[in-house]
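For reference, the structure is listed below as structure tokens.
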């Protein structure tokens, strides 16, 4: 196997490790911010109403709200993602990998290939790497797993592949799409535990509708 293919397999394994671990235990965090008004400091939390007193003695009711979506733009692509997700990126040997993780099992991996390779080759490699990764984790595949699917990605209907499997008593699915963009090839993989399907749909729709 070529060196960059080995790197690709490792990246997929690391991303899936985090996603599968989160499926077993949900993350929960309540951010607290210090708001300084004059000499007073108010401890506030997002989406919780609070009252502040201005230096002139006026009382104001306010709510701190998180922007619903954020934007990633680099490596020749851009997309929006839900603010609850975290983004990290890595660039090795002409393959940029952007990992977008949710607060539970939903995981999205976007890759930009600047090397000489076709979209069909990338799809074959990705699906094979995913299947091997899940098999190594003792997953059992459902009937029809690996079949072709079609979804709207970036405003266009794209063909892809879907994996459907059971792992540690939980059912997961993963979808892979690859397509040409200029001189690069874009690969998009989304994966989630079916118990998190509602949250996954919310997360993934933002990315799939906006990726360019």
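Would you check which residues across the range 169-212 are surrounded by 20 or more Cβ atoms within 10 Å (Cβ to Cβ) and part of a helix (DSSP H, G or I) and list them?
Within the range 169-212, 196, 200, 203, 204, 206, 207, 208 meet the criteria.
If I go through the range 100-127 residue by residue, how many of them are surrounded by 15 or more Cβ atoms within 10 Å (Cβ to Cβ) and either part of a helix (DSSP H, G or I) or in contact with a strand residue (DSSP E or B) (Cβ under 7 Å, 6 or more places away or on another chain) (or both)?
19
If you go through the range 136-146 one residue at a time, do you hit one that is part of a helix (DSSP H, G or I) and assigned by TED's automatic domain parsing to the domain that holds residue 95?
Yes, the range 136-146 contains a residue that is part of a helix (DSSP H, G or I) and assigned by TED's automatic domain parsing to the domain that holds residue 95.
Just give me the residues in the range 74-96 being in a strand (DSSP E or B), farther than 15 Å from residue 211 by Cβ and in contact with a strand residue (DSSP E or B) (Cβ under 8 Å, 6 or more places away or on another chain), in sequence order.
Of everything in the range 74-96, those that are in a strand (DSSP E or B), farther than 15 Å from residue 211 by Cβ and in contact with a strand residue (DSSP E or B) (Cβ under 8 Å, 6 or more places away or on another chain) turn out to be 86, 88, 90, 91, 95.
Residue 192 versus (1) under 23 Å from residue 104 (Cα atoms); (2) at pLDDT 95 or above: which is the lone unmet condition?
Result: residue 192 passes all but (2).
Which is farther than 30 Å from residue 170 by Cα and at pLDDT below 90, of 41, 95?
Sole residue among the options that is farther than 30 Å from residue 170 by Cα and at pLDDT below 90: 41.
Can you tell me which residue among 166, 130 is at negative phi, in contact with a strand residue (DSSP E or B) (Cβ under 8 Å, 6 or more places away or on another chain) and either not assigned by TED's automatic domain parsing to the domain that holds residue 195 or not in a helix (DSSP H, G or I) (or both)?
Matching residue, one of 166, 130: 166.
Out of the range 177-204, which residues are under 13 Å from the mean Cα position of the chain (by Cα) and free of Cβ contacts under 8 Å to residues at least 60 places away in the same chain?
Across the range 177-204, the qualifying residue is only 201.
The values are calculated or read from the model by the stated rules, or taken from the named source; none is laboratory data. Model, not experiment: these values are computed from the prediction. Backbone-built Cβ (ideal geometry, glycine too); neighbour counts: all protein chains shown.
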